[in-house]
Amino acid sequence: MLNVKDINKYYDSNPVLSDLSFELSTGHYILSGSNGCGKSTLLRVIAGADSEWSGQVLLNGIDLKKDFKSYVKMISFVPDNLSLFGELSVDEFSSFALKQRKLIEPSLPEELAELFKFDLSSSKSLGTLSLGNAKKLMLIIALSYDCQLYLFDEPMNGLDNLACDIFFQQLKNREDRFIVMATHMEHPQFTAQFQRIPFISLNEYQSNSL
């Protein structure tokens, strides 16, 4: 169970998230809404990537603030960009990132890289990657992690149709895990695999309605 309680987040005294509360049981969810409505901010809060907020987030009873280390080990998060790591090479970044969580299988990163046609040993800096290749790298790492909750912020930006199909097949293989994706895009698999939640209606979603 993912419990989000009374979340408030401000940027320069402007409210982005205001008294936001909801519960989700295990499943695959799409947070839909226009750019700038707060989807990315909410994912960053749930992922533990933003510390400037009030309220409470619990995943399977583990409190994000009270037991941060245990909580983040259960999270796999794909942000919308890799701008903070632009100086690192693909090889340096992937080698570091793949040591941060338990992997589903040690061979999975290379298997995913082959599917996505991406070279994890490349010496190219992250800052020189195209948007599509940057997304492939982030997805390879995130999907390799053995986690309870997978968070994806605009994961399809820059991906071609084949890469999108591979991504959704990998998500289908994780039917027993939480998956929450924020996007303003559309894809045929959304109807088949995901429950859509309009961001503006999140406060109305409680566990007993899912």
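Among the trypsin sites (Lys or Arg not before Pro) within region 14-81, which fall in a DSSP loop and have no more than 11 other Cβ atoms within 10 Å of their own Cβ? Passing sites in region 14-81 are K66.
Considering region 2-209 at the alpha-carbon level, its Rg and Dmax are found to be 16.7, 49 Å.
Say a site is exposed when it is one of the GluC sites (Glu not before Pro), sits in a DSSP loop, and has at most 11 other Cβ atoms within 10 Å; what is then the longest site-free stretch of the chain?
Answer - 88-174.
None of the figures in this text is laboratory data; all of them are computed from the coordinates on show. The structure presented is a predicted model; accordingly, all values stated were derived computationally and were not measured. Using ideal geometry, Cβ is built from the backbone for each residue, glycine included, and neighbour counts are taken over all protein chains shown.
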